[in-house]
1. (1) open to solvent by less than 50 Å² (accessible area, probe 1.4 Å); (2) over 26 Å from Lys196 (Cα atoms); (3) modelled with pLDDT of 90 or more: which one isn't true of Lys428, the others all being true?
2. If we keep just the residues of the stretch 342-381 that are closer than 19 Å to Ser235 by Cβ and basic (Lys, Arg), which is nearest to ligand 2 (Cβ to nearest atom)?
3. Kindly indicate the residue of the stretch 222-259 that is in a loop (DSSP other than H, G, I, E, B) and at pLDDT 50 or above and also farthest from ligand 1 (Cβ to nearest atom) among those meeting that condition.
4. Here are the criteria: (1) free of Cβ contacts under 8 Å to residues at least 24 places away in the same chain; (2) in a loop (DSSP other than H, G, I, E, B). Tell me which single one Phe78 does not satisfy.
5. With the checklist (1) in contact (Cβ under 8 Å) with a residue 60 or more places away in the chain; (2) open to solvent by less than 70 Å² (accessible area, probe 1.4 Å) in hand, flag the one item Ile18 doesn't pass.
6. Give the residues of the stretch 316-346 that are crowded, with 19+ Cβ neighbours inside 10 Å and within 37 Å of the chain's Cα centre (by Cα), sorted by residue number.
7. Do we have any residue at all in the stretch 90-103 that's modelled with pLDDT under 95, part of a loop (DSSP other than H, G, I, E, B) and in contact with a helix residue (DSSP H, G or I) (Cβ under 9 Å, 6 or more places away or on another chain)?
8. For residues that are modelled with pLDDT under 95 and aromatic (Phe, Trp, Tyr), tally how many sit in the stretch 15-47.
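The values are calculated or read from the model by the stated rules, or taken from the named source; none is laboratory data. All of these numbers come straight from a predicted model, not from anything done at the bench. Virtual Cβ from ideal backbone geometry, glycine too; neighbours counted across all protein chains shown. Note: accessible area is taken over every heavy atom of the protein model, side chains too, but ligands, DNA and RNA are not part of it. Shrake-Rupley method; radii C 1.70, N 1.55, O 1.52, S 1.80 Å.
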Amino acid sequence: METDTIAAISTPVGEGGIAVIRVSGDEAVPVVDRVFQGSRSLAEVDSHTVHYGHIVDPKTGKRLDEVLVTVMRAPRTFTREDVVEVSCHGGVVPVQAVLEALLSAGARLAEPGEFTKRAFLNGRIDLSQAEAVIDLIRSKTDRAARVAMQQAEGRLSRLIQKLRQDILETLAHLAVNVDYPEYDAEEMTGRLLLEKSREIEKAISQLLVTARQGRILREGIATVIIGRPNVGKSSLLNTLAHENKAIVTDIPGTTRDVIEEYVNVRGIPLRLVDTAGIRETEDIVERIGVERSHKALEQADLVLLLLNYGEPLTDDDRKLIDLARDYTTIVVVNKTDLEPKLDLDEVKRLIGDHPLITTSLKEERGLDKLEQAIADLFLGGKAQSADATYVSNVRHVHLLERAQQSVRDAIEGIETGVPLDMVEIDLKNAWQYLGEIIGDAVAEDLIDQIFSQFCLGK
Ligand code: GDP
Ligand code: ZN
């Protein structure tokens, strides 16, 4: 059991006039008391009260900062442990000094997310909420933060609970049939069962649809820029990044881009990648072969294929188009400021349904169209709605997929007339997988308990 006392700065560093350091654990009060100078010892004060004083250096006795200390004793706290919050005067230096004083007084520096983990372990929040808080800390854009925030507030938990309740009710209908086969409602039960199961399956599917968007919001769209030497790949990277991290050069083939850059496009994080396999993207087909090029591109969520408006299409261009056609690709025809030499009609014919954008990175034209195309591709349609509940966690997605499969098995079972106790097993499995999402480990006994009540009432 983790009972040691942890401390960390819980407000953003370097912002605002006040910073809060949170201390949690069995020894939270004595630890702070060791470096706190006020009118009373913190050991004597009531819970949930605020006290004025100073934090002093435990070795020299020197005053480090003027503070307000809030003492909150378990269990009415975020972690359900004793918690002390020290509000100091902000600014990186005094805050660090106070934190160091607390560490030398016996606290340990908290790991990222550790307060939240304790809140979960102590039953204060459920697992999906805990995971959401962690996502929130890591989220790369405002939009991602909003999704995580909704989840932390329990939106997903409530949806999952509702689904589980539906499954329980369905199971209850089943139980009547399994336990009392002579019961005359059998026919109706079968039809009702099918209807209910289909509704549940649909609801799970809808949640899963959001999973891709959720992952994208959390991890960023893995984006690969490909194109012949000198078409403007580095320039595009630079323009997107609004800073000069990649090296731009006039000599074809000499670019050595510094890669893995996050950029924020209309609230979606774009992760511009260059994995080992895709470095020197201009000649990937030649260098690593068609099959391996496909493997390399498979890791990308988005491929940006650049062509040069000022030059006729080459065989290498055609090879790249051929390669990129199988992926989520946006074709970017760059250098529209140059005299047109590219046969745009041929390009359009070759790329089929993929969007085509024209840009002049030199004259800074067309970038907004490109950004809009990216936003349309990844947050198109109703997924953009602010109150969609995104499933943004890999573990949740896997469990939802399993639950969905179980419900599908149940539906198939009902349709093909397998014994109802087999269907019952499938639905119980679905119920359990959903339960794992919110960290609910109780299974068999609770089902039994609910059933016994239901059947008794009949
Ligand atoms: P890469 O080899 O594909 O990475 O291409 P770079 O980004 O290094 O660009 C090659 C050259 O093309 C550089 O001199 C850029 O300044 C130039 N360039 C990039 N975009 C444009 C554009 O839209 N118009 C013109 N005329 N030149 C461009
Ligand atoms: Zn380059």
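1. Of (1) open to solvent by less than 50 Å² (accessible area, probe 1.4 Å); (2) over 26 Å from Lys196 (Cα atoms); (3) modelled with pLDDT of 90 or more, only one is false for Lys428: (2).
2. Initial filter on the stretch 342-381 (closer than 19 Å to Ser235 by Cβ): 342, 356-371, 373-374.
Those left that are additionally basic (Lys, Arg): 362, 365, 369.
Working: Lys362: 15, Arg365: 20, Lys369: 22 Å.
The selected residue is Lys362.
3. Applying the first criterion (in a loop (DSSP other than H, G, I, E, B)) to the stretch 222-259 yields 228-232, 242-259.
Applying the additional criterion that residues be at pLDDT 50 or above yields 228-232, 242.
Details: Arg228: 7, Pro229: 5, Asn230: 4, Val231: 5, Gly232: 4, His242: 15 Å.
Restricting to residues being in a loop (DSSP other than H, G, I, E, B) and at pLDDT 50 or above, the top hit is His242.
4. (1)
5. (2)
6. Asp317, Leu320, Ile321, Leu323, Ala324, Thr329, Ile330, Val331, Val332, Val333, Asn334, Lys335
7. Within the stretch 90-103, not a single residue is modelled with pLDDT under 95, part of a loop (DSSP other than H, G, I, E, B) and in contact with a helix residue (DSSP H, G or I) (Cβ under 9 Å, 6 or more places away or on another chain).
8. Going through the stretch 15-47 one residue at a time, the tally reaches 0.
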